[in-house]
Amino acid sequence: MKTLAIEPLTKDAFAAFGDVIELDGARQIPINLGTTIRYHDLAKVDVSDENGRTLVNLFRGQPRTLPFEVKMLERHPLGSQAFVPLNDKPYLVVVAPVGELDPARIRAFVTSGWQGVNYAKGVWHHPLIALGEVSDFIVVDRGGDGLNLNEQDLDEPLWLTEDALSAVAV
């Protein structure tokens, strides 16, 4: 069984794949007569290719149990896709760089709970991997003309294990 190391999700480690959506380091702007703080410009939403439009969705992810077999990845070649959790439960993120899918370059991250991710256009990623309980996410992605989903099976599956997750201090 080929296992995949799991890393903590940080802006630096994830930069090649898109944005980490979190409040740490975000520009803060007081609005609404000072009763609200706007955390400004947290992700680069990119959906304009082929007359795309922005979609705002709610995804309800069923929890996955470890060990979990990663058998495929998908990508959206015409737009970014952002996941913003509505609870404080860690979830797993599996990604590979833009271009031809190279299994040797697949990486796995665990969020600290409230962190969201914005997959850049064309980044390979696994569908939502919620942990522990049913989890809701606001998802911002692209609607419109053109084929915006490619899926590719891996020749050899990779495994996400409890041991790999336990090795990460979240």
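Laboratory data are not the source of any read-out in this text; all were calculated from the coordinates shown. Worth saying up front: this structure is predicted, and the values here are computed from it rather than measured. FYI the Cβ positions are ideal-geometry reconstructions off the backbone, even for glycines, and counts take in every protein chain you see.
Going down the table (LYS11/LYS121; LYS2/LYS121; LYS11/LYS44), which pairs top 24 Å between alpha carbons?
Cα-Cα > 24 Å for LYS2/LYS121; rest within.
FRET efficiency for THR10 and HIS40, Cβ-Cβ distance as r, R0 = 25 Å, nearest 0.05?
So the FRET efficiency works out to roughly 0.80.
Per 0.36 nm of contour for each residue apart, how much would the distance between GLU100 and TRP114 grow if the chain were fully extended, relative to their Cα-Cα spacing?
2.0 nm
Amide H neighbours of GLY116 under 5 Å, counting only residues 5+ apart in sequence or on other chains, H built in-plane at 1.01 Å?
Hits under the 5 Å cutoff: ILE21, GLU22.
In sequence order, what are the phi-derived ³J(HN,Hα) couplings for segment 126-139 according to the Karplus relation 6.51 cos²θ - 1.76 cosθ + 1.60 with θ = phi - 60°, rounded to whole Hz, with x for glycine and proline?
8, x, 2, 10, 6, 10, x, 7, 4, 10, 9, 9, 7, 10
Once phi is turned into θ = phi - 60°, what whole-Hz ³J(HN,Hα) does the Karplus curve with 6.51, -1.76 and 1.60 give for every residue of segment 161-168, x standing for Gly and Pro?
For segment 161-168, the Karplus curve yields 10, 4, 4, 5, 5, 5, 6, 9 Hz.
Amide H of LEU154 versus every other amide H placed in the peptide plane: which residues, excluding those fewer than 5 positions away on the same chain, fall under 5 Å?
MET72, LEU73
Test of understanding: what is the full-extension gain from LEU66 to GLN152, defined as 0.36 nm times their sequence separation minus their Cα-Cα distance?
Extra length from LEU66 to GLN152 when fully extended: 28.8 nm.
I'd like the antiparallel share, as a percent to the nearest 5, of DSSP beta bridges with both residues in the chain.
Taking every DSSP beta bridge with both residues in the chain, the antiparallel ones total about 85 percent.
Taking every pair of alpha-carbon atoms in the chain, what share in percent sits in each 5 Å bin, from 0 to the bin with the longest distance?
Taking every Cα pair in the chain, the percentages come to 2, 8, 17, 20, 21, 16, 9, 4, 2, 1, 0, 0.
Which of the aspartates and glutamates could a cross-linker bridge to LYS71, judged by Cα under 18 Å and excluding same-chain residues fewer than eight apart?
Cross-link targets: GLU100, ASP102, GLU151, ASP153, ASP155, GLU156, GLU162.
Between ILE138 and TRP159, how many nm apart are label points set 7 Å from Cα along the C-beta direction?
That separation, rounded to one decimal, is 3.8 nm.
Using θ = phi - 60° and the Karplus relation 6.51 cos²θ - 1.76 cosθ + 1.60, list the HN-Hα couplings for segment 79-87 in order, rounded to whole Hz, with x at every Gly or Pro.
Using θ = phi - 60°, the values come out as x, 6, 9, 10, 10, 10, x, 9, 9 Hz.
In nanometres, what is the gap between the two model label sites at LEU55 and ILE31, each 7 Å from Cα along Cα-to-Cβ?
2.5
Between VAL47 and residues 5 or more places away or on another chain, which pairs have amide H atoms under 5 Å apart, with H built 1.01 Å from N, and which residues are they?
SER80
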